[in-house]
Amino acid sequence: MGRTLVHLPQSPWSEKARWALDHHGVEYKLVEHVPMVFEPVLRIWSRDLRRKITVPILFDESHTFSDSLAIAERAEEVGRGSPLFPRSHLAEIVGWNEVAERIMWAGRARAMERMLQNKRSLVEQLPPFLRPGGRALLPLAKVGAAFVRSKHVPRTTSPAELEAAMTAGLDKARAALATSAYLTGGAFTFADVAIACALGFVVPPARLPLGPATRDVFSDPKLASVYADLVDWRDRLIEQHR
Ligand SMILES: N[C@@H](CCC(=O)N[C@@H](CS)C(=O)NCC(=O)O)C(=O)O
């Protein structure tokens, strides 16, 4: 099928993978994921019937890369351009990806709660071929969003804990950026890509194709005001490196 990335256009995780692939000039086809519906297909394509399916997934030659970090590493292996994983700072970069994952994990939990209360955003989650059905398909959109929440969001974490998980990571990034325009090694790396994408749960970047209601749901006005400096940094990074 040729090199193919299965993604969710609006998801910060998918953007993390696309950014690395594009940075390295890697060519690929895009297939838009439909939560719940595509899961059995992706299990078969990835030849792993038991794994928890998440996107992005890259199918490349006979290999499956089923995580944004693994996809970025593959991009580095087959692509061209400046390295996103310089060996001298590898451990730090992987550490920053973990920081980003914690911010995103908490950010998604908060965004999903808001989404389930927002009918317009739920309708915007319908796959393109169902969107013309609009409000009539709201119950279906709700089932899809509830499925994604139950798959990824444990009910035991309180809103305060989620906010604390986000601020811990954002404070760490702010401290690192106090002395440099980049998080590690004085150059643009995957650490910057990962944290920039995590800021998608504070203020989504303009370039992500989100419907207006979903843009609201993914935005966190309180954190946006506290971390306006990080959002500015992210926007400059996109201008220079995306
Ligand atoms: N650590 C994974 C996380 C990916 C992830 O959580 N993807 C979610 C994005 S919301 C997803 O696949 N959701 C749709 C689904 O579960 O069907 C990565 O970096 O790729």
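The values are calculated or read from the model by the stated rules, or taken from the named source; none is laboratory data. Computed from a prediction, not measured in an experiment: that's the story for all the values here. Here Cβ is always computed from backbone atoms with ideal geometry, including for glycine, and neighbour counts include all displayed protein chains.
A few notes on this one:
- Taken over segment 177-196, the criterion of being farther than 21 Å from R242 by Cα and aliphatic (A, V, I, L, M) is satisfied by A178 alone.
- Hits in segment 1-53 - residues which are among the β-branched types (V, I, T), in contact (Cβ under 8 Å) with a residue 12 or more places away in the chain and over 18 Å from A72 (Cβ atoms): V31, V34, V37, I53
- Failed condition for S68, given (1) in the same structural domain as K142 (by TED's automatic domain parsing); (2) within 12 Å of the ligand (Cβ to nearest atom); (3) under 23 Å from A206 (Cα atoms): (1)
- Helices (runs of 4 or more DSSP H) completely within segment 141-226 that count 2 or more residues being free of Cβ contacts under 8 Å to residues at least 40 places away in the same chain: 159-177, 221-226
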